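In what follows, a structure is listed as structure tokens, so that the remarks can point back to it.
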Amino acid sequence: MLLMETEARLEAIADSLLDNVGSAVSLATAMERPPVNGVSCFVVPVAEQPEKNQRVSGPAVQKVLVTVGVVFAIRTLNDPDGERGSQKLETARDAVRQALFGWQAEGTTAPYLLSTSGLIRMENNVIWWMDRYQTQIQRRAAA
């Protein structure tokens, strides 16, 4: 649900800035689909980190820190060093950050906050970059 809502939020800004928005089960899966040209982004699950049980007795309740990645794939023809692609990357990252930072998806207990970001790799005129966002959910064990 969280990934689908996040993808839908990015699709709302796609017309003007992103040529393709999708989701993938992993970073490796996303990177199997390099763009033909332009700017693509994929929403991928990165990690879930549960805190300790909040209850002494009864069904367990845990807060879970959820990290979601937005993978950017920027292809610019005849740009082996990424100079032109980096400008497109910054524009796309800024737009996605404005759409996600501080936004709270349904079912979460906190809005998205910024997390680590970085270059994954650059090859064949494609820049691969991932920005991570963190939110929190709460899980309850069945009674």
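State whether one or more residues within the stretch 69-85 are without any contact (Cβ under 8 Å) to a residue 24 or more places away in the chain and in contact with a Leu (Cβ under 8 Å, 6 or more places away or on another chain).
The answer is no; no qualifying residue exists.
Can you tell me which residue is farthest from Leu17 (Cα to Cα) among those in the stretch 131-143 that are surrounded by fewer than 14 Cβ atoms within 10 Å (Cβ to Cβ) and hydrophobic (A, V, I, L, M, F, W, C)?
If we take residues in the stretch 131-143 being surrounded by fewer than 14 Cβ atoms within 10 Å (Cβ to Cβ) and hydrophobic (A, V, I, L, M, F, W, C), then Ala143 is farthest from Leu17 (Cα to Cα).
Take the residues in the stretch 1-32 that are assigned to a loop (DSSP other than H, G, I, E, B) and touching a residue at least 24 places away in the same chain (Cβ under 8 Å); name whichever of them is surrounded by the fewest Cβ atoms within 10 Å (Cβ to Cβ).
If we take residues in the stretch 1-32 being assigned to a loop (DSSP other than H, G, I, E, B) and touching a residue at least 24 places away in the same chain (Cβ under 8 Å), then Met1 is surrounded by the fewest Cβ atoms within 10 Å (Cβ to Cβ).
Could you count how many residues in the stretch 77-114 are part of a loop (DSSP other than H, G, I, E, B) and either modelled with pLDDT under 95 or not aliphatic (A, V, I, L, M) (or both)?
Number of matching residues: 14.
Anything in the stretch 92-130 that is of a type outside the set (A, V, I, L, M), in contact with a Pro (Cβ under 8 Å, 6 or more places away or on another chain) and surrounded by 15 or more Cβ atoms within 10 Å (Cβ to Cβ)? List them, or say none.
If the condition is that a residue be of a type outside the set (A, V, I, L, M), in contact with a Pro (Cβ under 8 Å, 6 or more places away or on another chain) and surrounded by 15 or more Cβ atoms within 10 Å (Cβ to Cβ), then Trp103, Asn125 are the ones that fit.
When Gly58 is evaluated against the numbered criteria (1) outside any strand (DSSP E or B); (2) at negative phi, which criterion, by number, is the only one it fails?
Result: Gly58 passes all but (2).
The values are calculated or read from the model by the stated rules, or taken from the named source; none is laboratory data. None of these values were measured; they are calculated from a predicted model. Ideal geometry is used to build each Cβ from the backbone, glycine not excepted, and the neighbour counts take in all protein chains shown.
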